[in-house]
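Each reported figure results from applying straightforward, stated rules to the coordinates on display, with no laboratory input. The shown structure was predicted, so the numbers you read here are calculated from the model rather than taken from an experiment. As a convention, Cβ positions derive from the backbone with ideal geometry for all residues, glycine included, and neighbour counts pool all protein chains shown.
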Amino acid sequence: MVKERARILVVGGGYVGMYTALRLQRHLRAELRRGDAEITVVTPDPYMTYQPFLPEAAAGSISPRHVVVPLRRVLPHCRVIVGEVTAVDHMRRTATLTTLAGEEGAGPEQLPYDELVLAPGSVSRTLPVPGLAEHGIGFKTVEEAIGLRNHVIEQMDIASSTRDPAVRDAALTFVFVGGGYAGVEALGELEDMARYAARHYHNVRPEDMKWILVEASDRILPEVGPDLGRYTVAELRRRNIQVLLGTRLESCADRVAVLSDGQRFPTRTVVWTAGVKPHPLLAATGLPLTERGRLRCTAQLAVDGAEHAWAAGDAAAVPDVTADDGRDCAPNAQHALRQARTLGDNVAHALRGEPLETYAHKYAGSVASLGLHKGVAHVYGRKLKGYPAWFMHRAYHLSRVPTVNRKARVLAEWTLAGLFKREIVSLGSLEHPRAEFELAAGGKPSGDPKGSS
């Protein structure tokens, strides 16, 4: 039983935020009913995005709405606030947040708490590359994934309808920067989708398109090991994808990708997946950080040296007690999902004065998709490639996607996709739904006109 009324603030609605709140909701069910406990989740979006499915959503294998989990549905006993925490005063136990109402002029709010769970995740790590802010496309959210799908198909439409060879060449050149999971899986799925879509264009062939992967280090997919990394490079090159290792993007100004090896590619598509960095909020908390900007945590997922503060996932540097070299747990989904369960348990234990659990999980391995029926996997020391690895990738992530509802819907979509042809429709106008009406009403469209991206 909780000793006194506890206000728990969970910052972030991603893997860690949602699963921690879900765990606390189960542990504190009686206290929540009596009003002895209150769980508040502050998140920029009212849903959790299952990021490993973003490449398949971009390729049209999964509907975008099945990649996200509505927080209010899975957290009915929690208070969900759509907004962002901008600062934390842990000495006074208050958080400053802005909400949609604040954007309408209400101003920031002060939210008091007793226990703080920091799970804001990470943000894209960008570099001062000329033109990147204007022309780059990220790949961390479902909106970016669907926007990229629409953009790729739109470029094929542009190439099919123009007689200008320079415009056509730029439209059919796709540059991906970053050889980690996000970059390789997004490139593999979208190239697969575009190659299929090309059969429905009378004047666009797969060999007309240039797909380029730029990676600054000398290997890609380091998580699956050097052997499978080399296999992945060979597999991508077999599909006429240029894999440029030890190469950096120097500029993409004026829609020209300039690489460190001197190559220049006129292109209308630069996808930036070159890593992530801790969320800027962490620097505004006053809590102890590592040299890399992550919260310094104990193996019990408490912020080191700060009582009543907890963290996990990308925001936290958690010691890996299964390793002998004293390293921290890798900031990936495999650890985040498991840390969230332990974190939820430990917050409940702390409220009840019970001993805390130590987080311990030995890394099981990695799986990655390279397109339909293609993949690599290194799991429990076993290496798989091709169809078996792709099947394992799907089976693993189907088992990990939250809620039975989502599992059933994703499985149904995969089954239907095996029976029918792919959808290759671009709905780019969804990004600016009022543009046509504004034109009809005699106004100036607030967004980019259709076809200008």
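Converting the Cα gyration tensor eigenvalues of the chain into ellipsoid dimensions via √(5λ) gives semi-axes, longest first, of 39, 26, 21 Å. Quick one: which of K210/K407; K385/K407; K277/K421 span more than 30 angstrom between C-alpha atoms? Beyond 30 Å: K210/K407; K277/K421.
Among the trypsin sites (Lys or Arg not before Pro) in the range 241-323, those located in a DSSP loop and surrounded by at most 11 other Cβ atoms within 10 Å of their own Cβ are R292.
Can you work out the base-10 log of I(q)/I(0) for the range 1-160 at q = 0.14, 0.21 1/Å, using the Debye formula on its C-alpha atoms alone? Each listed q corresponds, in turn, to -0.83, -1.33. With contacts defined as alpha carbon pairs under 8 Å and 6 or more residues apart, what's the relative contact order of the range 329-413 in percent? RCO, the range 329-413: 16 percent.
Less than 5 angstrom separates the built amide H of V276 from those of R125, all sequence-distant by 5 or more or on a different chain. Along the range 340-349 the Karplus relation, 6.51 cos²θ - 1.76 cosθ + 1.60 evaluated at θ = phi - 60°, assigns HN-Hα couplings of 4, 5, 5, 5, x, 4, 5, 4, 5, 4 Hz to successive residues, with x for each Gly and Pro. Which angle between 0 and 90 degrees, to the nearest 10, do you get for helix 387-400 versus the longest principal axis of the chain when only C-alpha atoms count? Once rounded, the angle reads 30 degrees. Over the range 132-274, all Cα pairs binned in 5 Å intervals from 0 give whole-percent P(r) values of 2, 10, 21, 23, 21, 15, 6, 2, 0, 0, listed from short to long.
Within the chain, antiparallel bridges make up roughly 50 percent of the DSSP beta bridges whose residues both belong there. In percent, rounded to a whole number, the relative contact order of the chain is 18, using alpha-carbon pairs under 8 Å and six or more apart. Tell me which residues come under 5 Å, amide H to amide H, from V379 once H is placed; ignore anything under 5 positions away on its chain. For V379, whose amide H was placed from the backbone, the distant partners under 5 Å are S366, L384.
Computed over the range 132-274, relative contact order equals 34 percent, with contacts defined as Cα pairs under 8 Å that lie 6+ residues apart. For helix 142-161, what angle does its Cα long axis make with the longest principal axis of the chain, in degrees from 0 to 90 and rounded to 10? Long axis of 142-161 versus the principal axis of the chain: about 10 degrees.
In this entry, the range 217-287 is assigned a mean projected area of 7.4 nm², taken as a quarter of its C-alpha convex hull surface. Listed values for the range 49-57 are Karplus-derived 3J(HN,Hα) couplings in whole Hz (6.51 cos²θ - 1.76 cosθ + 1.60, θ = phi - 60°), namely 9, 8, 4, x, 8, 4, x, 6, 5, and x replaces Gly and Pro.
Normalised by 2.2 N^0.38 Å, with N the number of residues, the alpha-carbon radius of gyration of the range 276-322 equals 1.04. Which is the longest run of the chain containing none of the GluC sites (Glu not before Pro) found in DSSP loop states (not H, G, I, E, B) with at most 16 other C-beta atoms within 10 Å? Free of exposed loop sites, the longest segment is 5-290. The angle between the Cα long axis of helix 181-197 and the longest principal axis of the Cα atoms of the chain comes to about 40 degrees, rounded to the nearest 10. Residues Y231, Y359, arranged from fewest to most other Cβ atoms within 10 angstrom of their Cβ, appear as Y231, Y359. Only helices enter the 222 nm calculation for the chain: every DSSP H run of n ≥ 4 contributes -39,500 (n - 2.57), and dividing by all residues gives -9500 deg cm²/dmol, rounded to 500. Note that the range 207-215 has calculated 3J(HN,Hα) couplings of 6, 6, 8, 10, 10, 10, 10, 10, 9 Hz, one per residue in order, obtained from phi through the Karplus relation 6.51 cos²θ - 1.76 cosθ + 1.60 (θ = phi - 60°); glycine and proline are x.
Diffusion of the range 80-216 by Stokes-Einstein, at 20 °C in a medium of 1.002 mPa s and with Rh set to the Kirkwood radius over alpha-carbon pairs, works out to 116 µm²/s.
Extending 7 Å from Cα along the Cβ direction at E291 and again at D36 yields two label points whose distance is 4.7 nm. Listing V410, V184, V224, V123 from fewest to most neighbouring C-beta atoms within 10 Å gives V123, V410, V224, V184. Residues whose amide H falls under 5 Å from that of K210, counting only those 5 or more places apart or on a different chain, are T173, F174, with hydrogens built in the peptide plane. Here the range 183-257 is treated as an ellipsoid with the same Cα gyration tensor; its semi-axes, largest first and in whole Å, are 24, 18, 9. Going by neighbour counts of Cβ atoms within 10 Å, the residues F420, F176, F265 line up, fewest first, as F420, F265, F176.
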